[in-house]
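The values are calculated or read from the model by the stated rules, or taken from the named source; none is laboratory data. Just so you know, these numbers come straight off a predicted model, no measurement behind them. Using ideal geometry, Cβ is built from the backbone for each residue, glycine included, and neighbour counts are taken over all protein chains shown.
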Amino acid sequence: VSFIAEEKVAANYSQRTNLIRMFFNNKSKKFKTQLLLHELIHSVSMSALNDLKELDFALRHYPKIFINTQFAPLNKINKMYESLPQDLKEQKGDDYYGFSNFEEFIAELANPKFREKLQNLGILEEVLENFFAFLDKCDK
């Protein structure tokens with residue numbers, strides 16, 4: 001994690017360098033903690049999500065070669081994300097950032113307001129259950 005005195009974005013994660021950059025700004029300590037957690041989730045999940053995309057391609061073309069148990073929890077979360085209404089995914093603003101794409105859907109689990117939206121949709125527990133199952137499989 002590096003801290004930089006810029007204000008382009010609040011924080012970001014680079015998969016290429018495996019580096020989280022946090023930018024100094026006037027945000028509260030609580031918000032900075034949430035941002036760091038968001039970027040840490042990216043650091044854990046981005047490589048697996050890229051592997052999942054490649055695996056999805058392989059499974060469609062060579063289904064008998066691959067066993068999908070390692071990625072099953074992410075697949076379940078992805079199916080929940082894909083089943084969400086398109087107008088929800090097209091909403092703008094910080095409160096809807098987690099619906100913009102699957103990568104942010106996972107990372108925004110760090111955001112209490114986003115978790116509340118998932119709770120209202122009736123999918124929070126299943127998303128968290130599968131995310132924790134994915135984390136459990138990461139160290140196997």
Let me spell it out: the conditions are (1) in a helix (DSSP H, G or I); (2) of a type in the set (D, E, K, R); (3) modelled with pLDDT under 60, and GLU39 meets all of them except one. Which number is the exception? (3)
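With GLU90, GLU82, GLU126 as the choices, which residue is of a type in the set (D, E, K, R) and surrounded by 11 or more Cβ atoms within 10 Å (Cβ to Cβ)?
Working: GLU90 fails: surrounded by 11 or more Cβ atoms within 10 Å (Cβ to Cβ); GLU82 fails: surrounded by 11 or more Cβ atoms within 10 Å (Cβ to Cβ).
Going through GLU90, GLU82, GLU126 in turn, the sole match is GLU126.
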